[in-house]
Amino acid sequence: MKTGIIGLPQVGKTSLFKILTKAKLEDRGYSNPKEIHLGVARVPDDRLEKLAALYKPKKTVFATVEYADVAAIGQEALKEPNLLASLRNVDALIHVLRVFEDTTSVGFAAPIDPLKEIEDVEFDLMLSDLTQIEKRMERLEKDLKKMRSPELEAEHALLLRAKPQLESEQPLRSMEMSADEKKLIRGYMFLSQKPVLYVLNISESTTLGVDLDAAVEKYGLTKIASRPGTGATAICGKVEAELAEMPDDEAEEFLSSYGLVESGLRRLIRKSYELQGLIAFFTVGEDECRAWTIPVNSRAQQAAGAIHSDLEKHFIRAETIHWDTLLAAGSEAAARSQGTLRLEGKDYIVQDGDVMHIRHSG
Ligand SMILES: Nc1nc2c(ncn2[C@@H]2O[C@H](COP(=O)(O)OP(=O)(O)OP(=O)(O)O)[C@@H](O)[C@H]2O)c(=O)[nH]1
Ligand SMILES: [Mg+2]
């Protein structure tokens, strides 16, 4: 699962990438500013931390997400084949919007207007998709003249629906599609179809005592964020950059001095995880407590496959309990005697926050 960080030039994309992945880019020999930076971030999870406090395992393993700091969008950028290819390859987008003023740098003469930034970047994404559709349709129409096939006809019909959608400046993520159509369209990796999280990069002075949801409302993103496959949040890049360098207890104090209860970065990572329809289940023990990432609505047997393909193959049952029920019971033995530790079969739909022991044969 990879998330691409996009946005107009100089809005704070690389800064966000650095705090997300704790990457020290200058140490890693990224010499070319056009190079795509890749890094991994830990998905913060209070539930796993609490489970680890109960089990005191040797190792606690958080879920991770991969981020790509692609490059600025705009001015023909999407016509560059390398950039376009890496952007097509991501599963979701984080779109950074500038809400900070920086008088010390040049080029910040433009007024702060996140809605305009969304419009501009979305336009480029849609234009790139439209160009791709037009090329493919030309080819398809030629092929269909030679030979009619139901697959090609279905594809053609779908593109015929997608084209006017883009022409009327509606991203493909808001087009209704059946499961079959989604499958059919997947191979195109359309940019405007990818789920997007808009991130307002707000200035440190406005964060004082301001809650981050209020920023989303203030800059007019609430309505946009309710569209399909779309979310919005805010962070203060400057504050987060300082936070990233601090030990946890100091970080907490620092946050409260800004009137914040939670780091915006934690929320951001979690939101981008949710936006992709991902949930976590846990395995626990004295050796290791660990979060595993699965798509929402996964069955228990598929979830076992996230751990190991053998567990999926030889799956018998899963001992299951929700994380907070387990914590309230205090131990698995106590939960078992209370009857809250259940045995679930292969078709059980795993819930976000389930703790599971997979029983298997062989
Ligand atoms: N005041 C303030 N300045 C910021 C913030 N985030 C980034 N900047 C400044 O904005 C400039 C651009 O930041 P980058 O993170 O390099 O932005 P970018 O979007 O990666 O830029 P390009 O890759 O060139 O498009 C730098 O001078 C940063 O110091 C912020 O939250 N507050
Ligand atoms: Mg950059």
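Tabulated data
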item	result
Potential lengthening between LYS2 and ALA157 on full extension [0.36 nm per residue; Cα-Cα distance subtracted]	52.8 nm
Distant-in-sequence amide H partners of GLU288 (H built 1.01 Å from N, under 5 Å)	LYS58, LYS59
Loop-exposed trypsin sites (Lys or Arg not before Pro) per DSSP, neighbour cap 14 Cβ within 10 angstrom, longest uninterrupted part of the chain	149-362
Distance between the stretch 250-273 and the stretch 153-204 - C-alpha centres, whole angstrom	32
Cut-off under 5 Å, modelled amide H: who pairs with HIS95 long-range	ILE6, LEU197, TYR198, VAL199
Residue-wise HN-Hα coupling along the stretch 214-231, computed from phi with Karplus coefficients 6.51, -1.76, 1.60 (Hz; x: Gly, Pro)	4, 5, 4, 5, 4, 8, x, 9, 4, 5, 4, 5, 8, 5, x, x, 10, x
Kyte-Doolittle mean at least -0.5, axial Cα span of 20 Å or more - DSSP H helices of the chain	150-167
Longest exposed-site-free window of the chain, the sites being GluC sites (Glu not before Pro) in a DSSP loop that have at most 14 other C-beta atoms within 10 Å	287-362
Exceeding the 26 Å Cα-Cα cut-off - candidates LYS79/LYS238; LYS79/LYS223; LYS50/LYS271; LYS142/LYS194	LYS79/LYS238; LYS79/LYS223; LYS142/LYS194
Approximate spin-label separation PHE254-ARG139, in nm, with each point projected 7 Å along Cα-to-Cβ	5.0
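Where a number appears in this text, it was derived from the coordinates with a stated rule and is not lab data. Keep in mind that this is a model prediction, so the values were computed, not measured. Cβ: placed from backbone, ideal geometry, glycine included. Neighbour counts: every protein chain shown.
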